[in-house]
Amino acid sequence: MEQWGKPSTPGGHGNTARGNKASGRAARDRSERPKKEHLANGRTATEGSTKERILDIALHLFNEQGYDKTSLREIAERLGTTKAALYYHFERKEDILLELHLRLHALGRGVLDEIGRLEDTQQLMAAWPHLIDELIDKMIENGDLFLLHQRNRNAFERLEYNERHQQENEDFEQQMRRLFASPSIPLPQRVRMACTIAVVIGALMGAGDAFGDVPAEELAQLVREAAHDLWGAARAPAAA
């Protein structure tokens with residue numbers, strides 16, 4: 001019987017060497033693939049959950065030490081994988097920054113989607129205070145994303161030239177323009193809608209630095225009161 005790793009014939013050394021190299025490459029490839037995550041309920045996490053973990057780790061590092069001072073290798077180490085495995089999800093650090101930026105778009109789109117489901121102007125007017133409250137809650141919950149923009153302005157300025165970034169921004173702005181330019185909504189209400197959104201974004205965009213010492217629940221309630229006062233509607237009762 002042949003021993004493992006020894007050639008079967010005197011002329012077989014080359015084949016064995018090639019075989020060992022191939023095995024080594026295969027082992028490295030396997031080690032660099034994204035590892036499956038086993039969840040508490042016995043399920044295996046999907047590729048999407050690994051991607052979200054990468055984004056969460058990057059968000060923390062970018063806020064903690066800055067985008068420019070954070071390397072892909074460091075993100076991979078925090079994830080517990082290799083830099084090569086990280087490339088499976090993101091080829092460049094800029095791609096990670098863009099995905100984090102698009103998380104903000106997702107917050108706004110959730111509200112716009114709800115608006116699209118309303119059947120008429122009266123329903124929209126009645127629902128607007130609730131939609132503003134929902135936007136406030138989402139922004140408070142995702143305060144780290146706004147802090148990311150505040151602390152990494154230069155990185156986001158470079159991102160402006162990214163084609164996907166430009167397209168996503170244009171799509172979002174078009175949705176907002178259609179809402180505020182809708183002739184079915186009386187002009188005074190359209191102006192107030194725009195102003196309430198401006199108040200919310202203006203107060204919360206810099207919340208991480210300006211209001212960092214204010215508890216999230218208190219800050220949310222103060223911004224909610226300001227937006228409701230501007231809208232002219234009765235303030236919604238605070239959630240229990």
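The values are calculated or read from the model by the stated rules, or taken from the named source; none is laboratory data. Everything quoted here is computed from the prediction, not taken from an experiment. Quick reminder, even Gly has a Cβ in these numbers, built from the backbone with ideal geometry, and neighbours come from all protein chains shown. Please note that ligands, DNA and RNA were not included when accessible areas were found on the heavy atoms of the full protein model with its side chains. Shrake-Rupley method; radii C 1.70, N 1.55, O 1.52, S 1.80 Å.
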R0 of 25 Å, Cβ-Cβ distance Gln150-Glu217: FRET efficiency to nearest 0.05: 0.75
Convex hull volume of the range 88-177 per residue (C-alpha atoms, cubic angstrom): 116 Å³
Listed residues Trp231, Trp128 arranged by accessible area, highest first, probe 1.4 Å: Trp231, Trp128
Spacing of the two label points (7 Å from each Cα toward its C-beta) at His130 and Asp171, in nm: 2.7 nm
Global geometry of the range 100-232, whether rounded, prolate or oblate, following the gyration tensor of its Cα atoms and the 1.5 cut on a/c: oblate
Spacing of the two label points (7 Å from each Cα toward its C-beta) at Glu141 and Arg78, in nm: 2.2 nm
Accessible area of Asp171 in the full protein assembly, 1.4 Å probe (Å², nearest 10): 60 Å²
Cα gyration tensor of the range 144-210 - equivalent ellipsoid semi-axes, whole Å, descending: 27, 19, 6
Binned Cα-Cα distances of the range 55-115, short to long, each 5 Å bin given as a whole percent: 4, 17, 27, 21, 12, 8, 6, 4, 1
Modelled FRET efficiency - R0 41 Å, Ala181 with Arg92, Cβ distances, 0.05 increments: 0.65
